[in-house]
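Take a look at the structure below.
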């Protein structure tokens, strides 16, 4: 697994602090504690072309048209904690995207599993058949 370290991409991060929404009293109106962290994955020299292609596939729904990954955090009431959380989420997201999906090996069901399935189906069929009314009733 490719390990991503924050110091490799530190200079490429773009942080913006905005006022958070939701409860928080006067603090929420005065202090810009929410963090919007932007990282341009496709333009980063920290990753090879193969890694970028892998991340483009894995993060397709999370990337902007320009290839930026945007992380927005407003869970904590302090700016430093939100900043740290955003960086942690960014690293986790990148590391998860860089892990190659395990290839599925096609297998065939065993004879016993086929028989169990068919037995279960016949039992279920019998139960349903017994629920129906006959012409005598």
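List of remarks:
- One residue stands out in the range 1-43 among those that are farther than 18 Å from residue 83 by Cβ and at pLDDT 80 or above: the one that is nearest to the chain's Cα centre (by Cα), namely 41.
- Selection within the range 53-81 - under 17 Å from residue 20 (Cβ atoms) and either in contact (Cβ under 8 Å) with a residue 12 or more places away in the chain or part of a helix (DSSP H, G or I) (or both): 70, 71, 72, 73, 74, 76, 77, 78, 79, 80, 81
- Scanning the range 98-121 for residues that are surrounded by 10 or more Cβ atoms within 10 Å (Cβ to Cβ) and in a helix (DSSP H, G or I) returns 98, 113, 114, 115, 116, 117, 118, 119, 120, 121.
- Restricting attention to the range 59-69, the residues that are surrounded by 14 or more Cβ atoms within 10 Å (Cβ to Cβ) and out of contact with any helix residue (DSSP H, G or I) (no Cβ under 8 Å at 6 or more places or on another chain) add up to 1.
- Residue satisfying condition, being in a helix (DSSP H, G or I), touching a residue at least 40 places away in the same chain (Cβ under 8 Å) and surrounded by fewer than 17 Cβ atoms within 10 Å (Cβ to Cβ), within set 95, 84: 95
The values are calculated or read from the model by the stated rules, or taken from the named source; none is laboratory data. Please read all numbers here as calculations on a predicted model, not as lab measurements. Glycine also receives a Cβ, built like all others from the backbone with ideal geometry; neighbour counts cover every protein chain displayed.
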